[in-house]
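Here's the structure, in structure tokens; my notes come after.
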Amino acid sequence: MTSSLPQIVLVGRPNVGKSTLFNRLIHSNRAITHDRPGITRDRMEGIVRRKDAPAFGIVDTGGITLDGAINVTEGPKELRGFEQEILLQAEAAMRDAVGIAFVVDGQTGLLPLDEYLAVHVRRMNKPTLLVVNKVDGLEKEDTLTAEFHALGFPILPVSAAHGANIRALEEELFALIPSDWEHEPESTPALRLAVLGRPNAGKSSLVNTLTGSERMIVSSIAGTTRDSVDVRFELNGEQYVFVDTAGVRRRTKISDTVEKYSVNSSIKYKTKVEVTLLVIDATEGASQQDKRLMDMLDERKTPFMIVISKCDLVPAQSLNQLRKNITEMLAFCPHIPILLVSSLKNKGLNKILPLAKQIHEECQIRIGTGQLNRAMEEVLTRHQPPVVKRVRAKFYYLTQAETAPPTFVFFVSDAERIPETYARYLEKSLRKRFAIAHAPMRIRFRSTHKKKEK
């Protein structure tokens, strides 16, 4: 659940506009929206924040295509094979929620599937609001909502696409929350972790095993996960959020528009987390796409680790070779840690969270100027800068400019006379001196012809 906030869940058949409503309510384009049915599969959590009023949680779920919510029908082509999983996710969300927003489509009218779902929703015995979406204009409200009164729920017409009645929807949803609910302040997660990688690398299985839940739909079909889904959990009194993202393939190989949205969301969303887990399938090995992702993360100085999944499915010799290959790919960022794990056997997973915490703490490190300059003197004494064009650069001063990641600025006589190899030596020396083992680091040189006063 989203911290300690009460949850309202959005349910309904495919393509009634649940994800568009979800985005409207949280004031963000978190969920992928498309006119194709079946885009949302896993449930997605967000927070509805209201001015001068308590916030509450909102959960988006996949469109249910089950006949009477019991027997699998053929359903839209895009959903076949996921009907049961989507239903289980929606049912779990309804059980956890304090209220239900049952969303229907005012343009298409009342369908038999809406009636089947209404029976299923009533069985949950939760306060329910029937949200008639796609009602554009006050003059159409009576006409487009009339037949839905037969379902027996309180009705509110809205237009998610145009934002009509959204403020009233917020109030009606909040009214579903029991009056004796204690509205506690939102809790802040200790760490946000993105899970990135190619399709079918084992990202969702990893999240499910680490969180001890079945929050993500797991399938051998690549591309099952589409939205970037937040999964909040608590361990040893500390809160974490895993962001499971869609599998990332080369853009030139992506023809499906929904997958393009998913990939863009995956790469964009990793910037909103503290540490990224780049998952590589041991059975597939490390590809050029994995190498491109490593280079991208390193170039942007994103804190990350490599997680080789499905290690129980390959022999030790092949595993050692894969680790060697990945180490070679990380030649220009050798500080990146590599973990071998198996979600099926629950091996190596206990190392992930402590390592992520360590990386995050290293990113926040702040070192005093005095310590830095003493370290600089020792480093220069051990290995002087090389002579470049018959002149050796002089080092005057060292300071830390930023954290997250730690950024160090050397004031020198001529920055152009510092070769890349010496810059790497300086970074390696600072890492060893100040115990920055795995966090990204920036080393910059600033030319000055006058020694700065301390």
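The values are calculated or read from the model by the stated rules, or taken from the named source; none is laboratory data. Keep in mind it's a predicted model, so treat the numbers as computed, not measured. Ideal geometry is used to build each Cβ from the backbone, glycine not excepted, and the neighbour counts take in all protein chains shown. All accessible areas refer to the heavy atoms of the entire protein, side chains included, with ligands and DNA or RNA removed. Shrake-Rupley method; radii C 1.70, N 1.55, O 1.52, S 1.80 Å.
Things worth noting here:
- Near ILE58, the amide H atoms lying under 5 Å from its own belong to ILE8, GLY46, ILE47, VAL48; only residues 5 or more places off or on other chains count, and H is placed 1.01 Å from N.
- Amide H contacts of LYS394 (H built 1.01 Å from N, under 5 Å, at least 5 apart or other chain): SER413, ASP414
- Segment 116-212, relative contact order in percent, only Cα pairs under 8 angstrom and at least six apart counted: 23 percent
- Potential lengthening of the chain between MET296 and HIS383 amounts to 28.2 nm, from the contour at 0.36 nm per residue minus the alpha-carbon distance.
- When THR211, THR245, THR20, THR381 are compared by accessible area at a 1.4 angstrom probe, the order from most to least is THR381, THR20, THR211, THR245.
- Residue among VAL119, ALA161, LEU129 farthest towards the positive dipole end of segment 118-198, charges placed on Cβ: VAL119
- Karplus (6.51, -1.76, 1.60) ³J(HN,Hα), θ = phi - 60°, over segment 145-160, in Hz, Gly and Pro reported as x: 9, 3, 5, 6, 5, 5, 6, x, 9, x, 10, 9, x, 9, 10, 5
- Candidate residues PHE22, PHE445: accessible-area rank, largest first, probe 1.4 Å: PHE445, PHE22
- For the peptides 58-64, 102-108, 47-53, 173-179, the ranking by mean Cβ contacts within 10 Å, running from highest to lowest, is 58-64, 102-108, 173-179, 47-53.
- When each of LYS51/LYS134; LYS291/LYS357; LYS203/LYS428 is checked by Cα-Cα distance, pairs over 28 Å: LYS203/LYS428
- Long-range HN-HN contacts of PHE445 with modeled amide H, under 5 Å: PHE410
- ³J(HN,Hα) computed for each position of segment 363-373 - Karplus, 6.51 cos²θ - 1.76 cosθ + 1.60, integer Hz, glycine/proline x: 5, 8, 4, 10, 10, x, 4, x, 4, 4, 6
- Protein-only accessible surface order, largest first, of ILE26, ILE280 at 1.4 Å: ILE26, ILE280
- Theoretical gain in end-to-end length, VAL119 to HIS27 [0.36 nm per residue, Cα-Cα removed]: 30.0 nm
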